[in-house]
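Heads up: the structure comes next, in C-alpha cells.
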Amino acid sequence: MNRGGQVENAEYKPAGDEADHTADKCESECVHADAVESAKKEAAGSDQIEDLANLFKALSDQTRLRIIHSLLNRELCVCDICDVLDMQQSAVSHQLRVLRNMRIVRRRKEGKMMFYSLDDQHVEGLFLQGLHHISHK
C-alpha cells in the first residue's frame with residue numbers, strides 16, 4: 001500500500017462477464033449522505049488499517065501460507081516443517097520469523113528442538129475462511 005492507502009502492483013484479471021468494465025462506476029454523480037456518514041463513523045482507525053494491511057501482507061506469501069496450512073491442528077518442529085515443505089531450514093526459519101513477528105505463529109523450545117504452532121484460533125479461522133472464499137463459485 002502506498003501512503004495514500006491505494007494498493008500498489010495489484011492486478012485483477014477479470015473472467016467472463018466481469019471483463020465488462022462499464023459496470024465498475026456509477027453512470028451519474030450522486031451521494032447517499034446517510035450511507036456515507038455511517039461508513040465514515042464505522043471506519044477503522046489508520047493504525048488498525050495499517051496493522052491489518054501488514055497482517056494480510058504477511059499472509060500474501062505462498063510459503064507462509066503453506067507453513068500455516070501445515071500447522072493446522074498440530075504443532076511441528078522446524079525440521080518437520082522443512083520436510084513438509086521440502087525446503088531448507090534457513091529459508092523456513094526466515095518465514096517463521098516473519099510469521100512470529102506478526103503473532104501468526106508461536107514457538108516453544110524443548111531441548112534442542114524448536115516447535116511451532118498457530119498463535120490462536122483467529123489465524124486458523126482466517127486461513128480456513130480464505131480457503132472457503134476461493135473455493136465457492
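The values are calculated or read from the model by the stated rules, or taken from the named source; none is laboratory data. Quick caveat: nothing in here was measured; it's all calculated off a predicted structure. Every residue, glycine as well, gets a Cβ built from its backbone with ideal geometry; the counts of neighbours run over all protein chains shown. Note: accessible area is taken over every heavy atom of the protein model, side chains too, but ligands, DNA and RNA are not part of it. Shrake-Rupley method; radii C 1.70, N 1.55, O 1.52, S 1.80 Å.
Screening the candidates Val84, Val105 for the property of being in contact (Cβ under 8 Å) with a residue 12 or more places away in the chain, within 21 Å of Ser60 (Cβ to Cβ) and open to solvent by 70 Å² or more (accessible area, probe 1.4 Å) yields one hit, Val84.
Conditions (1) modelled with pLDDT of 85 or more; (2) among the basic types (Lys, Arg), marked per residue:
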position	(1), (2)
Met1	no, no
Gln6	no, no
Lys25	no, yes
Val31	yes, no
Asp34	yes, no
Ala44	yes, no
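Within region 108-137, which residues are over 21 Å from Asp51 (Cα atoms) and touching a residue at least 60 places away in the same chain (Cβ under 8 Å)? Within region 108-137, no residue meets the criteria. If only residues of region 56-77 that are of a type outside the set (Ser, Thr, Tyr), within 12 Å of Gln95 (Cα to Cα) and open to solvent by less than 100 Å² (accessible area, probe 1.4 Å) are counted, the one that is farthest from the chain's Cα centre (by Cα) is Ile67.
Residues of region 31-49 that are without any contact (Cβ under 8 Å) to a residue 40 or more places away in the chain and within 30 Å of Arg97 (Cα to Cα): Ala44, Gly45, Ser46, Asp47, Gln48.
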